[in-house]
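In what follows, a structure is listed as structure tokens, so that the remarks can point back to it.
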Amino acid sequence: MAADNPRGAMFRVIRPNQHSRVTNVELFFDLVFVFAVTQVSHTLLHHFTPLGAVHVAVLFLAVWWVWVYTAWVTNWLDPELTPVRILIFLMMLGGLVLSTTIPTAFEGRGLWFALAYATMQVGRTAFWLLATPAHRTLVRHNAIRILVWLCGSAIFWILGGFAHEEARLWFWIAALTIEYVGPSARFWVPGLSFSSVEAWAVEGGHMAERCSLFVIIALGEAVVVNGATFAELDWTADNILAFVSALVGAIAMWWIYFHKGAEAGSERISKSAESGRLARLAYTYLHMPIVAGIILTAVSDELVLKHPTGHSDLRTIVSTIGGPLVFLVGTILFKHAIRGFLQLSHGIGIILLLVLWWFAAALSPLWLSVATTVIMIVVAVWESVSLGPKVEEHESASGGGA
């Protein structure tokens, strides 16, 4: 690869009409985040209070952000080259430290979490800057801009690591705010001004595939945890039905995301003249609620498997209805970004889940789970049956969507 691209240093060779495949080392890197997703869901399960939910939200946003920034960088750099591979392996080490500290990040291991996160973000960006040839001025300026913003947020991460209780939370919220505002502010820094849209061009098919793989990670984590939980239980009619409901619900989520949306998104971004802008909206931001919804649903599945009977308590209601609800909000916005219209099936699913919320306390956890699964099946079938040929015709006529 380096011989094919002597002036591109460690950058991917982009060939016309051929999208860059996701490499094995990228898939290897993603395995760390199977563990991270498991840690996030288990932390929420054991700290299901308003404050605990805020803590977990901060941790989830950090995990997603370090992963998605790495996906952007490996979209540009070539993971088949040894220096880039070593970077990814070091990122895996940092990711494991980050993941292991998630359950106690707001307790005794906050500094370890902060150091791992800041080192991953700053170190990876510094490597990208050093790997960028001098003649790629726009890319170098972008790397400098991002490095400045991440160094600024790193200060707050480290300060939070040294702080305690409420102060830690506020320092880390400030750090996340800096990082999440950065792309929307086009990483403005004095002297370099704003980054340009042209500097953010990505290989669209690769970016779409990377984010769809993270969705698979979240769904796979849920299936594995459900299987492990079910194996430890006495098999009764109630928890067998709960297990089937959880599996069918995961299949429905897969169907809603992958059957139409993932492929349409890959095609749309591959043809877009502003691939960077679409990647920022559809994949960097709008995939967060999709993954968060899957994680919240995994919490619900474990609760229902262990306690399928009786009345549903607040945490069961919030997770069982909230998970699919957040997921559908994310998918309807994602598909709107790539297609230009809101899908009725998803909107009706959101309304049905909100209506179900009114009756949730009267239902057992098992039947609440079954009800949400039925709603997700309705959404999946509706989209598949009613929008199949129409979507292709719309996208063909509009040149690939909105």
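A few comments on the model shown:
- Zone residues, the stretch 345-371, relative to residue 313, backbone N less than 13 Å from point 7 Å out along Cα-to-Cβ: 365
- Relative intensity, log₁₀ I(q)/I(0), of the stretch 208-298 from a Debye sum that treats every alpha carbon as a point, q = 0.16, 0.19, 0.23 Å⁻¹: -0.69, -0.86, -1.11
- Mean silhouette area of the chain, derived from the convex hull of its C-alpha atoms and averaged over all directions, reads 19.9 nm².
- Separation in nanometres of the label points that stand 7 Å from Cα toward Cβ, at residue 155 and residue 234: 6.0 nm
- Using alpha-carbon coordinates, inclination of helix 344-359 to the longest axis of the chain, degrees: 50 degrees
- Summed residue charge, Cβ within 10 Å of residue 161's Cβ, Lys/Arg positive, Asp/Glu negative: +2
- Translational D in µm²/s for the stretch 264-374 (Stokes-Einstein at 10 °C, 1.306 mPa s, Kirkwood Rh from C-alpha pairs): 106 µm²/s
- For the chain, the longest principal axis of the alpha carbon atoms and the long axis of helix 365-398 meet at an angle near 40°.
- Ranked 165, 232, 267, criterion: other C-beta atoms within 10 Å, fewest first: 232, 165, 267
- Hull volume in cubic angstrom per residue (convex hull over the Cα atoms of the stretch 24-200): 107 Å³
- P(r) weight above 28 Å for the stretch 204-398, C-alpha pairs, percent: 27 percent
- Chymotrypsin sites (Phe, Trp or Tyr not before Pro), loop per DSSP, at most 16 other Cβ atoms within 10 Å - longest free stretch of the chain: 1-187
- Multiplying each eigenvalue of the alpha-carbon gyration tensor of the stretch 168-260 by 5 and taking the square root yields semi-axes of 42, 20, 9 Å, largest first, rounded to whole angstroms.
- Hull shadow area, averaged, the stretch 247-310 [alpha-carbon convex hull, nm²]: 4.9 nm²
Computed from the coordinates by the stated procedures, all read-outs in this text should not be read as laboratory data. Since the model is a prediction, treat every value here as computed from it, not as a measurement. Every residue, glycine as well, gets a Cβ built from its backbone with ideal geometry; the counts of neighbours run over all protein chains shown.
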